[in-house]
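Remarks on the structure that follows.
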Amino acid sequence: MLKLNYLSIVLIGFLSAGNLAGQSVKFNHDYSQTLVMKLGMSVPDGNGGSKVFCDFENALKLIKQADQLTLQVPKIIYLVGWQYKGHDDKYPAMFEVNSLLKRPQDENARESLLWLMREARKYHTTVSLHINMTDAYDDSPLWDTYVENDLISKKRFGGLMVIGNYNNRNAYAINYKNEWESGWTQKRIDSLINLLPELQKAGTIHIDAWIARESKGHYESLVTESEYQKKALDYWKKKGIDVTSEWVMDYMTGLVPFAWHFNARTQEQYLEVPANVYTGSGINPDVAGSDFGLGFLFGQSMYGEGLWPYWNRNDEDKKNWDKKFAAKFYLNCLQYFYLNSLDRISISGSGKERISKFSKGVSVSLKDSTVYEHEVKLREKNTVLFPVVWKENPNLAVYSEDGETNKSFKLPGVWKYFQTIDLYEISLDGIKHIDKVEVKNEAIILNLSASQPYLLQPVRNEK
């Protein structure tokens, strides 16, 4: 992950793409209705080897469990550290799959990765890659090529520009203009697709730390570099692949559909740009000065990657990972997907007094952490009852962080016309029927265990 201060985040967004409200932008996935996460696979161990957190076989097991826990929501999972010895290893090269991640029955790790990408689709999950097109390392197979062909950005007086240090190695900035004009941008993309043709079926890829920087030694501005960044994006699109990124970039509005961190996005931009044009996981809490209230007022997803039961975690973390995962999903994503399905109308008030309004009579209050659909309360602090908008048939999901006893829930929409509702517990194994609940006065009464997600479905064939 790229570490940036607030000023850097603002600079990422200073190039305007104009107002896209009301315009139709076509991507391969509707990211506003997709749970987008990362899954860490491996990192270099510092001794020339690789530390594995999750291999391809175990990745599929986690995907199956997550599919059950999230009620089969459409998912995209980007694999971090799938290459060479792991995360951030050997860039700008990205032509080899980490051999330690393979399944025993496969000839090589490439076969195992292709297997995972195919199998995951059975569980409403698109598996793709987390890559880097910005950094270059001096132990890369392509290092000499990039230096000799002047493909690394430079400082004012000609030295190669260092932009970070990862795995105890300096990361040097690739010069987007020179790389594109030399043909190496296209070669890297083509080679990766040839290595893993399933990428075109996935239709999406995540480019980490992908921002533009000026190259003073080349007398190139940030604007010039950003224009060549767009050329690379357009090349991905011509190959049938969406690009998502780490940080929201105003000049990529309408071009990049999803960013990990939505810091420096203003409430006016939330109102002007629909979620199906540009959306994100959340607002990075490490960046001071961000308007964190926007995450509640307009909805935010979940990062997810820190919650998986990786092999290097202790037994207690592994045992309880599903509870932590469910808390993030049911307290964040239900509201996020629901609000993303509506039109954004307005926002009133200031600071903690703000209220955002949506179509269908929906309002969100930051002050008291509530969401209403007309007079129906869908959220009160950390107790929620939301429609499961990705399901064709009527479904409601219910979750309470602290639990509720004899809690009355007024039902939204058509739900008040049902007479009886089936109540299910949700777990890694799927749903389990536990009760039938009578609808009285357009409401139901529930007893909810703390941190236990539930599903409500109407009983069919009622007289």
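A few comments on the model shown:
- Residues of segment 159-169 that turn out to be assigned to a strand (DSSP E or B) and either buried (at least 16 other Cβ atoms within 10 Å of the Cβ) or of a type in the set (Phe, Trp, Tyr) (or both), as a count: 4
- Just so you know, in segment 199-231 the residues that are under 20 Å from residue 127 (Cα atoms) and surrounded by fewer than 17 Cβ atoms within 10 Å (Cβ to Cβ) include one that is nearest to the chain's Cα centre (by Cα), and it is 203.
- Check on residue 191, without any contact (Cβ under 8 Å) to a residue 40 or more places away in the chain, surrounded by fewer than 21 Cβ atoms within 10 Å (Cβ to Cβ) and not acidic (Asp, Glu): no
- Any hit, segment 11-29, residues being at pLDDT below 95, not in a loop (DSSP other than H, G, I, E, B) and not acidic (Asp, Glu): yes
- Selection from segment 414-443 of residues that are touching a residue at least 24 places away in the same chain (Cβ under 8 Å) and part of a strand (DSSP E or B): 420, 421, 422, 423, 424, 425, 426, 427, 430, 431, 443
- Matching residues, segment 444-462, being assigned to a strand (DSSP E or B) and surrounded by 16 or more Cβ atoms within 10 Å (Cβ to Cβ): 444, 446, 448, 454, 455, 456, 457, 458
- Test: residue in segment 290-297 that is surrounded by 24 or more Cβ atoms within 10 Å (Cβ to Cβ) and outside any helix (DSSP H, G or I): no
- Matching residues, segment 378-419, being within 17 Å of residue 447 (Cβ to Cβ) and of a type in the set (Val, Ile, Thr): 383, 384, 398, 405
- Note on segment 276-301: residues that are touching a residue at least 60 places away in the same chain (Cβ under 8 Å) and either outside the structural domain of residue 45 (by TED's automatic domain parsing) or of a type in the set (Val, Ile, Thr) (or both) total 3.
- Number of the condition not met by residue 344 [criteria: (1) free of Cβ contacts under 8 Å to residues at least 24 places away in the same chain; (2) touching a Phe, Trp or Tyr at 6+ places or on another chain (Cβ under 7 Å)]: (1)
The values are calculated or read from the model by the stated rules, or taken from the named source; none is laboratory data. The structure displayed is predicted, hence computed values, not measured ones. Backbone-built Cβ (ideal geometry, glycine too); neighbour counts: all protein chains shown.
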